[in-house]
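The values are calculated or read from the model by the stated rules, or taken from the named source; none is laboratory data. Keep in mind the model is a prediction, meaning the values are calculated, not measured. No Cβ is skipped: glycine too gets one built from the backbone with ideal geometry, and neighbour counts run over all protein chains shown. Each accessible area value is taken on the protein alone, full model and side chains, heavy atoms only, with ligands, DNA and RNA left out. Shrake-Rupley method; radii C 1.70, N 1.55, O 1.52, S 1.80 Å.
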Amino acid sequence: MRRFRYLILLLVVLLSLVSGARNVILFIGDGMGPNQVSIANYVYYKNTGENLIFFDFPFLSFVDTNNASNQVTDSAAAATSFAIGLRTNNGIVGLDQREKVQENVSEKAKSLGKSVGIVTDTSITDATPAAFVAHTNSRRNSDVISAAFLDLQPDVFMGMGLSSFTLSGRSQKGWDNRDLIKELQDLSYQVVYDRSSMEQSTSPKLAGFFNNISYAFTQRGPFRTQPNLKEMTKKSLEILSQNENGFFLMVEAAVIDGSGHNNDVVGTIYDVWALEEAVKEALLFREKHPETLIIVTADHETGGMTLDPNTFPLLLERLSEVTRITPQIESMLGSSPTLQWARYVFEDSGIEVKEADLQTIVKATSGRAALVGKAITKYVGGAKYSTTGHSSQRVQLFAVGKGADRIPKELKNYEFGKLLAQFVTEE
Ligand SMILES: [Zn+2]
């Protein structure tokens, strides 16, 4: 009996040696359903003769995206199911459906002496990154969520949303008089605000607050001061790989979701490509660190997007002419644009809009973003949308590396969360 027990123990040890994943890199395309991947891959393939690199990952699974009350999920409930391995209700971050605190995967990694990184191209206090850091009953509690970064102390975190961390920002919002930037520095963080300081940093603890990184993909060129998703991922891997115990890194491409809400196919394609570039960095890293698991998945689909193959030739012809996506155009339009100004903004962005649509956009007192996004998609073609909200479509999960073969072909989002915790906590 004792020998049998030793044999079992030996087997467990051997199994963990061959199947354990020491570094886990999780990419989340927010709102990235199968059609979002498909259209971005289609144009990419036409341009380069190759598929998106993660499209050809050896392991493909499908994840169902319900929340605890079987509704269409939001990003808070979806990311929470990944982070704690339990479903919860919409709006909730890091708590179960009874609003009880549950240890998240980042905390589990930290307690084992592993490093943690959190990266996004939206606000760092947004629902997806928040679920991997904070525990609060509303995704809108940015005061609690920002402060939670100082409790968890991820070795690196980068995104937008500086004002939740500054003394002036917090006091103006009527939260408190804490200066989280000063507190971060007291905790030995280097805090950076632009691309070159980020790249030059040699600090083992790094916090990055940037502007407009979501647009960095469309702002190529030498004068770009803000990093993009690829550059943030590269820097994070440099920092995290210094820990011999391994790490967990979550990278979110959030503009896919925003573009889905705006029904803007161009924004979607660009951000899936931004994600692709970041994934390539992870693959380069894995060449030197084979004990790494890379997962690319989504929290839910946004926009109820379907493809419109009849207009694909149009898309291929016109996509490269478009130089701005919805939020950029919206901010240029301002709150009460004239027809003439709106016509100029669209023309200057490489988009032709019919006079009647332009009038609707100018007159809109609310929901202008979706009107702008729809005008962009009408011009370039490629996709149709059924909602400006989320859908309940299943999402894909692409995986490569140590442990990827253990991910079932079909799983629920919270089951993936449980598996993720296993991968991260294994030796
Ligand atoms: Zn959304």
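If Val272 meets every condition in (1) under 16 Å from Ile124 (Cβ atoms); (2) within 16 Å of the ligand (Cβ to nearest atom) apart from one, which number is that one? Condition (1) is where Val272 drops out.
Taken as a whole, region 191-214 holds at least one residue that is under 19 Å from the mean Cα position of the chain (by Cα), within 16 Å of the ligand (Cβ to nearest atom) and assigned by TED's automatic domain parsing to the domain that holds Asp151.
The set of residues from region 381-408 being under 23 Å from Arg286 (Cα atoms), open to solvent by 10 Å² or more (accessible area, probe 1.4 Å) and either within 16 Å of the ligand (Cβ to nearest atom) or not aliphatic (A, V, I, L, M) (or both) comprises Gln396, Gly401, Lys402, Asp405, Arg406, Pro408. Which members of region 291-306 meet the condition of being more than 16 Å from the ligand (Cβ to nearest atom) and either buried (at least 24 other Cβ atoms within 10 Å of the Cβ) or under 24 Å from Leu419 (Cβ atoms) (or both)? Glu291, Thr292, Leu293, Ile294, Ile295, Val296 - these are the residues of region 291-306 that are more than 16 Å from the ligand (Cβ to nearest atom) and either buried (at least 24 other Cβ atoms within 10 Å of the Cβ) or under 24 Å from Leu419 (Cβ atoms) (or both).
Residue-wise test of (1) open to solvent by less than 10 Å² (accessible area, probe 1.4 Å); (2) within 16 Å of the ligand (Cβ to nearest atom); (3) polar (S, T, N, Q); (4) in the same structural domain as Gly373 (by TED's automatic domain parsing).
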site: Asp257; (1), (2), (3), (4): no, yes, no, no
site: His261; (1), (2), (3), (4): no, yes, no, no
site: Glu276; (1), (2), (3), (4): yes, no, no, no
site: Leu283; (1), (2), (3), (4): no, no, no, no
site: Arg286; (1), (2), (3), (4): no, no, no, no
site: His289; (1), (2), (3), (4): no, no, no, no
site: Pro313; (1), (2), (3), (4): no, no, no, yes
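Of the candidates Leu52, Leu86, the single residue that is aliphatic (A, V, I, L, M) and open to solvent by 10 Å² or more (accessible area, probe 1.4 Å) is Leu86. Considering Lys230, Lys205, the condition of being within 29 Å of Leu316 (Cα to Cα) and surrounded by fewer than 24 Cβ atoms within 10 Å (Cβ to Cβ) is satisfied by Lys230 alone. When region 390-427 is limited to residues that are charged (D, E, K, R) and in contact with a strand residue (DSSP E or B) (Cβ under 7 Å, 6 or more places away or on another chain), the one that is modelled with the lowest pLDDT turns out to be Lys402. In region 383-403, the residues that are farther than 26 Å from Leu315 by Cβ reach residues that are away from the ligand (no atom under 16 Å from the Cβ) and basic (Lys, Arg) with C-beta atoms within less than 7 angstrom, at least six apart or across chains, in these pairs: Gly401/Arg286.
The set of residues from region 237-255 being away from the ligand (no atom under 13 Å from the Cβ) and closer than 18 Å to Asn211 by Cα comprises just one member, Val251.
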